[in-house]
Every structure is written in structure tokens, then in C-alpha cells.
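Since the structure comes first, as C-alpha cells, the remarks are kept for the end.
The values are calculated or read from the model by the stated rules, or taken from the named source; none is laboratory data. Remember, predicted model here, so these are calculated numbers, not experimental data. Because the Cβ atoms are built from the backbone with ideal geometry, glycine has one as well, and the counts that use them run over all protein chains shown.
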Amino acid sequence: MMILGFFRLVFYLSVAYVIYLFLRLLFSPRRPARSQPNSPQPSGVMVKDETCNTYLPREEAILEKAEGKDYYFCSQECRQKFLEQRKTRR
Ligand SMILES: [Zn+2]
């Protein structure tokens, strides 16, 4: 009966392996569609672009520090516009 015990063990092991593969597939983190391998996990924080009044995820925004405040922009154009506005205001 040693042989039967061995086959049963192999059977259980392969079943466990299949379950393991299935669970790994189920819980594996999905790769984001965007091709930004170094981007951090999305925090869900939305920031406002002061130039075009658009809200966007903080990870995708361009950060500009001015007078100790953080300003976020959706694009370099908006950032430039913001900086030019600040220049002309003074
Ligand atoms: Zn913008």
C-alpha cells in the first residue's frame, strides 16, 4: 500500500498546486494599463489644476512649489501659464 499512498500524496500535491496557481492568479496585483513602471500606488488623492480648474490624480500632476504652497498642474502648459500669470501680477 506504500505505492498507493505515494500516488495519493502526488494527487493532493498537484491539487494544492492548482489551487495555489488559481489563487495567485486571482490575487495577483493587476498591472496598470498605463506604462509607468516607476509610478507609486495610486493614493486616490485628487488635486486641482489652478490654471484650467481640472481635478486629476496627484500621481499624474506636475508639482510646482511656490511661496511654501504646493500647486499641481495637468501639463507643462498649465504650469507655464500659472508661472507667467504670477509674474505679470507683480
Ligand atoms: Zn491644466
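Give me the residue from the range 36-61 that is assigned to a loop (DSSP other than H, G, I, E, B) and within 11 Å of the ligand (Cβ to nearest atom) and, out of that set, modelled with the lowest pLDDT. The qualifying residue modelled with the lowest pLDDT is E50.
Condition (residue is at pLDDT 90 or above and in a helix (DSSP H, G or I)) applied to the range 62-71: is it met by at least one residue?
Initially, the range 62-71 is screened for residues at pLDDT 90 or above, giving 62-65, 68-71.
Now drop any that are not in a helix (DSSP H, G or I), which leaves none.
No, every residue in the range 62-71 fails to be at pLDDT 90 or above and in a helix (DSSP H, G or I).
On the basis of being crowded, with 17+ Cβ neighbours inside 10 Å, out of contact with any His (no Cβ under 8 Å at 6 or more places or on another chain) and charged (D, E, K, R), does R58 make the cut? For R58, the condition - crowded, with 17+ Cβ neighbours inside 10 Å, out of contact with any His (no Cβ under 8 Å at 6 or more places or on another chain) and charged (D, E, K, R) - is not met.
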